[in-house]
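Engineer: Structure below; questions to follow.
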Amino acid sequence: MVPLLTKYSGTLGQRFGLGATATFGCVLFGVGLSWWILRLNAADHDYLTGLLLGVLLTGVGVRFAMPALCICGHIDLVASWD
């Protein structure tokens with residue numbers, strides 16, 4: 001899911017800023033993990049509302065966070081090549 005959605009990461013980073021994009025992604029990732037903790041238990045587990053929604057939230061969170069964080073980590077490397 002993440003490789004299919006990372007096509008427009010540069011555009012989002014330019015429009016909203018890398019910090020805001022990474023923060024939004026980390027928050028979504030945390031919401032997905034919290035969703036799993038709250039919804040998946042031994043007594044009541046459902047694939048659609050328990051597992052799948054958490055997978056979608058964490059996947060979209062990684063989609064926003066990872067490209068922005070990788071760009072931030074490599075900005076100094078590209079500047080040192082000049």
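Engineer: Using label points projected 7 Å from each Cα along Cα→Cβ, tell me how many nm separate residue 14 and residue 46, to one decimal.
Structural biologist: Result: 4.3 nm between the two label points.
Engineer: Give the accessible area for residue 31 in Å² (nearest 10); use a 1.4 Å probe, count only protein heavy atoms, and leave out ligands, DNA and RNA.
Structural biologist: About 70 Å², rounded to the nearest 10.
The values are calculated or read from the model by the stated rules, or taken from the named source; none is laboratory data. This one's a predicted model, so the numbers in the text were calculated from it and none came from an experiment. We place every Cβ from the backbone using ideal geometry, glycine too, and count neighbours over all the protein chains shown. Ligands, DNA and RNA are stripped out before the accessible areas are found, and what is left, the full protein with its side chains, is counted by its heavy atoms. Shrake-Rupley method; radii C 1.70, N 1.55, O 1.52, S 1.80 Å.
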